[in-house]
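Encoded as structure tokens, the structure appears first; notes follow it.
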Amino acid sequence: MTRTALRICPLCEATCGLVLTIDQDRVTHARGDRDDVFSAGFVCPKGASFGALDADPDRLTRPLVRRDGTLAEASWAEAFEAVAAGIGAVSGAHGGDAVGVVLGNPNVHTMAGALYPAQLIGALRTRSVFTASTLDQMPKHVSCGYLFGDPNAIPVPDLDRTDHLVLIGANPLVSNGSLATAADFPGKLKALRRRGGRLVVIDPNRTRTAAAADRHVAPRPGTDAALLFAMVQVLFAEELTDPGHLAPHLSGVAEVRDLAADFTPESVAAYCDVPAEDIRSLARELAAAERAAVYGRLGSTAVEFGTLASWLVDVLNVLTGNLDRPGGAMFPLAATARAPRPPRPGKGFTTGRWRSRVSGHPEVKGELPTAALAEEIDTPGEGRLRALIVVASNPVLSAPDGLRTDRALSGLDFMVSVDPYLNETSRQAHVVLPPPPPARSAHYDFAFSTLAVRNTVRYSPPAVPLASGAPDEPEILARLILAVLGQGGPEADPALVDGQAVSRRLGAETADPHSAVHGRDAEEVAALLGGRTGYERRLDMMLRLGPYGDGFGADPEGLTLAGLLDHPHGIDLGPLGPRLGAVLRTASGTVELAAPPVAADVPRLRAAVADGGDRRSLVLIGRRHLRSNNSWMHNVPVLTGGSNRCTAQLHPEDAARLGLVEGALARIKGDGGEITAPVEITDTLRRGVVCLPHGWGHDRTGTRLTAASREPGVNVNQLLDGSRLDPLSGTAVLNGFPIQVEAAG
Ligand SMILES: Nc1nc2c(c(=O)[nH]1)N[C@H]1C(S)=C(S)[C@@H](COP(=O)(O)OP(=O)(O)OC[C@H]3O[C@@H](n4cnc5c(=O)[nH]c(N)nc54)[C@H](O)[C@@H]3O)O[C@H]1N2
Ligand SMILES: Nc1nc2c(c(=O)[nH]1)N[C@H]1C(S)=C(S)[C@@H](COP(=O)(O)OP(=O)(O)OC[C@H]3O[C@@H](n4cnc5c(=O)[nH]c(N)nc54)[C@H](O)[C@@H]3O)O[C@H]1N2
Ligand code: SF4
Ligand SMILES: [Mo]
């Protein structure tokens, strides 16, 4: 007897609703849910392979504990006792900062990853926090922090209503969108063009997205900040700025004009390798469009001037009046966000409240650069990192210089990995705690609802019950928190962790005159919470205190978890609405266009433009594949093979000059080492650029990745040594760094 269950796909940011067919406890089929209020049936090959991924025989089902040097299966009780002893020994002798926390990308795709890490960091009292953000979008947080006073206030392109969309360093036809949660990005781009709108793509590679555009501009990698500055210069010089409704809310406009003054299209054309006339028309077309949105993604963030480029994206949105209006760049309002309060100035945004020990990198959003993780472990001296808790991260492949990271991890006193796989990183752990597969986990998109191009609310309870005795990931993280607090024994009650979060939030809300529960008794409110588990009670609390919530009775029609469960395909909350006033948290209460730390980085860009860049040297950029995801999806045979391979792509002219033919091996050298990869010649790339995907290099011993290790590929991040960072955000330069290439052997 088969049955079906609904499950939001956790495999990328598009958050599609799936219909799973389930036979016994096995997912035998997955298709798009046509009735899903957000995704309306869209699915991609990864979502369709949900069953294969869920049932991967290499997934760990029991914890592993290292004894006499080898990892062996153990009971959950033994594993948590080992964690309490291992972390306790390090933090007791060396303090909380000696224990690092590393949080990887899947944390934004799990409920556990949204709810528990802050409590874990609090329990450890550690400032040694490293996340995937500094391999990814941290520049956007920093630029929005300075512009709007809140690093999490990230505007998204209003895809359904815009007339003119400019995509910079983004390939949503493959990535399915990022920092802009939209199921069926391909359909939305088609609809844009069908209604007469224009799609502009700025990318050194003629990607699938670029090939579908009305205009494709291919600059030299890493030069976007100069190109965008030149667009700003044109807007001012040709009197095309028109902030309109935003005008009363802006400060720093004149400063931006002055900063942009010498970035004329002519002055940056050679550096960007884009004709000045093309830059001019990019600016004119943007200004002329009725409703336009500029959006930048990884090719604009994980680059040398990532924060400047991210900032200029929104400077363009502001100067053309497109921020916070329909069809422009807008702020979503998630159901689990705090209900809006009356506008008031905030404290503004700062970084550098502390610095990393070895290189002195400033803290950003409470984090240190992941590119500096290895040096914080392997550089001797006071304050060295001696233990790590790694949750859903594979820095040996995802971050610069995996060989050094690998060696550093092997020298730790103690390491825990919360990870379903024994992979390149978790193989160095002393304890591996495996979460259950996605079909056995509940799902709510805490992170992506704050980035979605339409407001909706959806929840999937677990589709399949947990295996007997196995905890879900929320319980694993709650028990981990208790273990680091010294409560590693079986009597420790994970409900305490959820209870603490609930009483903290309700304590603050009942004391807040603008809260729906102001003046009520926090315990009495807590007793009203619905939900079968701790994480469900927390979700119920957040929904009820949120902008659409019932306020625990204040609005009987409002949202609760129980009400949401009556809508298994989700509830549509409508298109995005203007809400800048509620978003702004700068000290001035305005959009601060020219924050001093951002302006102070402009001379570095000016110097790079003046220098012209080394045009003889080749630079490397990345690529993604529809059937892959970062470093952990190469172990599912239906998703690999065909075009999903780890090849070095080169332009035909570069290949000819280097004497490389299709399929030959190229030796590629960078700051951090060298790798050898088969050549794939393609004229989709611009000249001077080599393109390799990341997340490969599955050839280390001691892993359990049967399929991936048969076609291991090479680790592109070995070309980096961790020293190239965007200074304002600490984000690694993963795109547009210099390399040398020659024929191998
Ligand atoms: N050269 C280059 N490097 C890059 C990039 C690039 O474009 N080029 N992209 C960067 C970007 S954008 C990112 S986000 C990072 C990602 O880098 P990481 O944050 O390290 O993420 P992944 O490589 O996806 O590894 C995820 C880990 O989580 C585990 N996992 C999977 N599902 C779950 C789950 O449900 N729970 C738990 N606890 N674990 C789970 C996987 O087994 C794997 O070990 O890589 C970055 N690295
Ligand atoms: N299928 C699939 N989907 C994914 C992922 C995956 O691994 N596979 N990963 C997920 C994650 S973690 C993320 S963060 C998102 C990323 O989502 P996207 O940013 O949309 O994905 P990328 O393919 O990294 O696109 C970056 C683009 O920037 C271009 N680029 C490189 N350097 C430059 C430059 O200097 N300037 C400009 N203008 N462009 C440049 C590259 O050619 C590439 O096309 O994708 C998510 N979705
Ligand atoms: S687009 Fe993303 S969310 Fe949708 S099915 Fe594919 S992997 Fe899942
Ligand atoms: Mo990412």
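Only protein heavy atoms count here; under a 1.4 Å probe, S393 has an accessible surface of about 20 Å². These residues, H443, H625, go from largest to smallest accessible area, 1.4 Å probe, as H625, H443. What the pair-distance distribution of the range 614-743 shows, using all Cα-Cα distances binned every 5 Å from zero, is 2, 11, 20, 22, 20, 14, 8, 3, 0 percent. Based on alpha-carbon centroids, what's the gap between the range 294-329 and the range 187-251 in Å, whole number please? Measuring centre to centre over Cα atoms gives 9 Å. Projecting the Cα atoms of G641, V714, T684 onto the charge dipole of the range 614-743 (Cβ charges, centred on the Cα centre) puts G641 farthest toward the positive pole.
Largest to smallest in accessible area, the residues E680, E81, E363, E13 fall in the order E81, E680, E13, E363 (1.4 Å probe, all protein chains included). How much of the accessible area of the chain, in percent, comes from carbon and sulfur atoms when a 1.4 Å probe is used? Here it works out to 51 percent. Given +1 at the Cβ of Lys and Arg, -1 at the Cβ of Asp and Glu and no other charges, the dipole of the range 614-743 around its Cα centre is 240 debye to the nearest 20. Measuring between their Cα centroids, the range 642-671 and the range 560-596 lie 45 Å from each other.
Annotation: extensible slack from R710 through A495 equals 73.1 nm (criterion: 0.36 nm per residue apart, minus Cα-Cα distance).
Here's the picture: charge each Lys and Arg Cβ at +1 and each Asp and Glu Cβ at -1 in the chain, and of A5, S503, G96 the one pushed furthest to the positive end of that dipole is A5. For the chain, the Cβ-based charge dipole about the Cα centre amounts to some 600 debye (Lys, Arg positive; Asp, Glu negative; other atoms uncharged). Inverting the mean 1/r over all pairs of different Cα atoms, compute the Kirkwood radius of the range 103-142 and quote it in Å. 11.0 Å is the Kirkwood radius here. Taking the empirical scaling 2.2 N^0.38 Å for compact globular proteins as reference, the range 91-239 has a Cα radius of gyration ratio of 1.34. Equivalent ellipsoid of the range 273-349: semi-axes from √(5λ) of the C-alpha gyration tensor, largest first, are 28, 17, 12 Å.
Pairwise Cα separations in the range 495-569 fall into 5 Å bins from 0 onward with the following percentages, short to long: 3, 17, 29, 27, 15, 6, 2, 0.
When the alpha-carbon atoms of the range 157-206 are used, the pair Rg, Dmax equals 10.2, 27 angstrom. Judged by the gyration tensor of its Cα atoms, with axes a ≥ b ≥ c, the range 111-188 is prolate; a/c meets the 1.5 cut and a/b is the larger of a/b and b/c.
Relative contact order of the range 471-520: 22 percent, from C-alpha pairs under 8 Å at least 6 residues apart in sequence. Based on the Cβ-Cβ distance from E290 to T4, what FRET efficiency comes out when R0 is 35 Å, to the nearest 0.05? Between E290 and T4 the formula returns 0.20. Protein heavy-atom accessible surface, 1.4 Å probe, per residue over the chain: 36 Å². For the chain, relative contact order (Cα pairs under 8 Å, six or more residues apart, normalised by length) works out to 20 percent. Provide the FRET efficiency to the nearest 0.05 for the T61-T350 pair, computing r from the beta carbons and using R0 = 41 Å. About 0.35, to the nearest 0.05. Projected onto its three principal axes, the C-alpha set of the chain covers 70, 67, 58 Å, listed from the longest axis down.
Would you please give the FRET efficiency between S410 and A85, computed as 1/(1 + (r/R0)^6) with r the Cβ-Cβ distance and R0 = 22 Å, to the nearest 0.05? Efficiency, rounded to the nearest 0.05: 0.65. Were the residues from V638 through A554 laid out at 0.36 nm apart, the gain over their Cα-Cα distance would be 25.2 nm.
Given +1 at the Cβ of Lys and Arg, -1 at the Cβ of Asp and Glu and no other charges, the dipole of the range 495-569 around its Cα centre is 260 debye to the nearest 20. Scaled against the 2.2 N^0.38 Å expected of a compact globular protein of N residues, the Cα radius of gyration of the range 1-55 reads 1.03.
Take the Cα of D721, step 7 Å toward its Cβ, do the same at D258, and the gap between the two points is 3.9 nm. Of the residues S175, S723, ranked by 1.4 Å probe accessible area with the largest first, the sequence reads S723, S175. Working ranking of peptides 737-743, 32-38 by packing, defined as the average number of other Cβ atoms within 10 Å per residue, highest first, is 32-38, 737-743. Distance from the alpha carbon centroid of the range 400-473 to that of the range 48-94 works out to 12 angstrom. Using 0.36 nm per residue and subtracting the Cα-Cα separation, the extra length available between E78 and A247 on full extension is 54.7 nm. Defining a contact as two alpha carbons under 8 Å apart and six or more residues distant in sequence, what relative contact order in percent does the range 46-88 show? So the answer I get is 25 percent.
The values are calculated or read from the model by the stated rules, or taken from the named source; none is laboratory data. None of the values given here were measured: they were computed from a predicted structure. Methodologically, a virtual Cβ is constructed for each residue, glycine included, from the backbone with ideal geometry; neighbour enumeration extends over all protein chains shown. We work out accessible area using only protein heavy atoms, side chains counted, and drop any ligands, DNA or RNA first. Shrake-Rupley method; radii C 1.70, N 1.55, O 1.52, S 1.80 Å.
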